[in-house]
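Report on the following structure.
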Amino acid sequence: MPKHILVAVAWPYASGPRHVGHVAGFGVPSDIFARYHRLKGNNVLMISGTDEHGTPITMAADKEGISPRALADRYNEVIGNDLYALGLSYDTFTRTTTKNHYRITQDLFKTLLQKGYLFTQTSLGAFSASTGQTLPDRYVEGTCPICGYTEARGDQCDNCGNQLDPIQLINPRSKVDGNPPIFRETEHFFLNLPAFAEQLKEWISSQDHWRPNVRSFSLNLIEDLKPRAITRDLDWGVPIPLEGYDDKRIYVWFDAVIGYLSASVEWAHNRGTPEAWRDWWQNPESEHYYFMGKDNIVFHSVIWPSMLLGYGNGGELVGGTGEPLQLPHEVVSSEFLTMEGKKFSSSRGIVIYVRDVLSRYDADALRYYLSIAGPENQDTDFTWAEFVRRNNDELVANWGNLVNRTLTNVFRNFGSVPQPGAFTPSDEALLQATKDSFEKIGSLLEDARFRAALSEAMELSRQANGYLSEHEPWKLIKGDDEAKARAATVLYVALQVVNNLRTLLVPFLPFSSQKLHELLGHEGQIAGPLEFKEIVEEGDAKHRVLTGDYASWVGKWEYSELPVGQALRKPEPLFKKLDEKVIEEELARLGA
RNA sequence: GCCGGGGUAGCUCAGCUGGUUAGAGCGAUUCACUCAUAAUGAAUAGGUCGGCGGUUCGAGUCCGCCCCUCGGCACCA
């Protein structure tokens, strides 16, 4: 019975190009997960988009003298291109500036307000003297009243570590223009999170399958829930759907998490089945998996669930009928990737953008590295030396070489899949290990243990290399008829392993699996490709969506036999070996 | 400061509810092989499991304290 699986991926912020750390944490892992479940025959809906509101974008735009919309347009395109090039198979990768998203965000706002989960409160806020816009606490600097550090931020002093309020700073100034900010009273809407504390506690406590760190972290947060502001004094964002709030907008975090829902609705609309999103969102049997970095757990395990609980089945979208909106099934958080031992930092040049890596290296080389050495359970360090080593000594030497030596031997001597003779125990053992791999690797993938899953696949490849070295078909082929027949059997067995590893590796290495699919003489797309579509909304508003026709994939997550007699295409290497020089070149780029 | 995660071989990491001589890959060394992108296979060497103390017949695994590191702490997203 196929399951409905929602793969909800954190929304990259469109303030600039995204670096490797961003796609390491949620991009590649979520794609592996989605691809696996599609091959398995489940109904996967993988959604995300660029998060385009908020103060950092208005400020970046001001700096360049362009509109926030123009800045968001630019980086939506850049980020979308990166994800496409990496082969991240979103059903819909959209953006938060669509009419659809505005409408649904306003629906949630109105519904939560009607149900009494929102209230207004006045507080003291900092504003830019020049633009009048909200200055977030982090954008106010000054002297720390506790330790005297002159570069303290409005939220925290980096020197003494104490938490601060911008009003406490001595000689406060805006980080943007250096002028002292203006402090004044302002009224905002708040989400009454404490109202959900009991429900959340009960719900999270029952999530036995959550990772212990996410679960205990979240339960701990619930002990001390406070209302959270959901509006800002800005002119960039989703308008508040009430009279008299023209100078305020909905706070970016509130609208960003709603993207998971709005993107699902958009997907259904774009493919001409406008009600289809309900199969995921109003179906108690559906499972929702959220992928994000560890800094974002709170939004996915506490805040978004509160909003969903508050909305229930009410509002304009759901219409007060049927099941309430589904809560997350699993919150898969990743740790952080560091770069050559340091935190990524665009301003300090410690950064490697996705587009730059992909302009010089194959997507599968990067996907391999991030899958096998990514920050799954703890922070991990990206080094160019390790990237080259993983590529050359593991991807090329183990898997690439297995494919190449197997196909070359078969192509040269037989041209097509040879007829095997009787299997020896050694043949049977390897074939059985291959069959078992689907179950073993599948269950690791279901548990989001991507590193372990890929290690299993590589271990099978290693076994096959050992098998070939043991039986030496290239020698047998030169012997008598009996030896030649044995060579055919050995190569047949090796081909079966290669053919099935092609499938087992699709989630991790979709591009090279497709290439191998073709070299083995198969037709069609084992798992791809992606495509961009232009979507036109009412009023002729256009935006680009990353999607794909994933239903046409011919790959299936099960052992399959490569038929005797199937003609192979002329073999060529799946991967490129990298010259050690690239380590120095890349390190030089980092320094520059 | 408070809460949570991490600290295991040269490197990157596995080690579930405590149980015999602590594992893998890569790197190193040796041997074999040469079909294959000088790609493979076999073997060997490498660790007082961050520190100190405790519980236990027995602790990498549990408890306490400390050190280092990452994240969160509600106006970054």
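The values are calculated or read from the model by the stated rules, or taken from the named source; none is laboratory data. This is a predicted model, so every value here is computed, not measured. We place every Cβ from the backbone using ideal geometry, glycine too, and count neighbours over all the protein chains shown. We work out accessible area using only protein heavy atoms, side chains counted, and drop any ligands, DNA or RNA first. Shrake-Rupley method; radii C 1.70, N 1.55, O 1.52, S 1.80 Å.
Assorted remarks:
- Surface accessible to a 1.4 Å probe, per residue, for the residues of chain A, Å²: 41 Å²
- Couplings 3J(HN,Hα) for the range A:135-148, derived from phi with the Karplus relation 6.51 cos²θ - 1.76 cosθ + 1.60 (θ = phi - 60°), are 10, x, 3, 5, 9, 10, 10, x, 8, 5, x, 9, 10, x Hz, where x marks Gly and Pro.
- Listed residues A:Val78, A:Asn391, A:Leu491: farthest to the positive end of the dipole of chain A (Cβ charges): A:Leu491
- Restricting the calculation to Cα atoms, the range A:304-377 yields a radius of gyration followed by a Dmax of 20.1, 53 Å.
- The orientation-averaged shadow of the Cα convex hull for the range A:139-273, equal to a quarter of the hull surface, comes to 13.0 nm².
- Counting every alpha-carbon pair across the range A:478-592, the share separated by more than 16 Å comes to 73%.
- Net charge of the neighbourhood of A:Val78, taken over other residues with C-beta under 9 Å away and scored Lys/Arg +1, Asp/Glu -1, is +1.
- A cut-off under 11 angstrom between Cβ atoms defines the neighbours of A:Trp474, and their net charge, with Lys, Arg +1 and Asp, Glu -1, is +3.
- Backbone phi angles across the range A:101-113, fed through the Karplus curve with coefficients 6.51, -1.76 and 1.60 (θ = phi - 60°), yield HN-Hα couplings of 5, 4, 4, 6, 4, 5, 5, 5, 4, 5, 5, 5, 5 Hz in residue order; Gly and Pro are listed as x.
- DSSP loop GluC sites (Glu not before Pro) with at most 16 other Cβ within 10 Å: longest gap in chain A: A:341-522
- Surface/4 estimate of mean projected area, convex hull on alpha-carbon atoms of chain A, nm²: 29.2 nm²
- Note, ³J(HN,Hα) from phi for the range A:292-307, Karplus 6.51, -1.76, 1.60, rounded to Hz, x at Gly and Pro: 7, x, 5, 6, 10, 4, 4, 5, 8, 9, 10, 6, 4, x, 4, 5
- Debye-formula intensities of the range A:187-344, expressed as log10 I(q)/I(0) at q = 0.15 Å⁻¹, are -0.95 (one equal scatterer per alpha-carbon, no solvent).
- Cross-link partners of A:Lys110 among aspartates and glutamates (Cα-Cα below 17 Å; sequence separation of 8 or more within a chain): A:Glu243, A:Asp246, A:Asp255, A:Glu316
- Magnitude of the charge dipole, the range A:69-140, Cβ model with Lys/Arg +1 and Asp/Glu -1, debye to 20: 300 debye
- Inverse of mean 1/r across different Cα pairs in the range A:12-72, Kirkwood, Å: 13.6 Å
- Taking a sphere under 9 Å around the Cβ of A:Arg153 and counting the other residues whose Cβ falls inside, with K and R at +1 and D and E at -1, yields a net charge of -3.
- Per the Debye formula on identical point scatterers at the alpha carbon atoms of the range A:26-170, with no solvent, log10 I(q)/I(0) at q = 0.10, 0.21, 0.22 Å⁻¹ is -0.61, -1.16, -1.20.
- Amide N of the range A:122-156 lying under 16 Å from the label point, which is placed 7 angstrom from the Cα of A:Gln163 along Cα→Cβ: A:137-138, A:153-156
- Violating pairs (Cα-Cα greater than 32 angstrom) within the set A:Lys342/A:Lys576; A:Lys40/A:Lys342; A:Lys175/A:Lys343: A:Lys40/A:Lys342
- Amide H contacts under 5 Å for A:Leu135: A:Ala126, A:Phe127, A:Ser128, restricted to partners 5 or more places along the chain or on a different chain, H placed in the peptide plane at 1.01 Å from N.
- Kirkwood Rh, angstrom, the range A:384-433 [1 / mean 1/r, Cα pairs]: 13.2 Å
- Mean ellipticity per residue at 222 nm, deg cm²/dmol - from DSSP H runs of n ≥ 4 across chain A, formula -39500 (n - 2.57): -12500 deg cm²/dmol
- Remark: the range A:264-351 carries a charge dipole of roughly 500 debye about the Cα centre, counting +1 on each Lys and Arg Cβ and -1 on each Asp and Glu Cβ.
- For the range A:337-404, the set of trypsin sites (Lys or Arg not before Pro) satisfying both a DSSP loop assignment and a count of at most 10 other C-beta atoms within 10 Å is given as A:Arg348.
- The count of lysine pairs in the range A:413-558 with alpha-carbon distances below 27 Å, taking only pairs 8 or more places apart or on different chains, stands at 10.
- For the range A:262-386, the fraction of alpha-carbon pairs lying more than 25 Å apart is 46 percent, rounded to a whole number.
- Put a plus charge on the Cβ of each Lys and Arg, a minus charge on the Cβ of each Asp and Glu, and nothing anywhere else: the dipole of chain A about its Cα centre is then about 860 debye.
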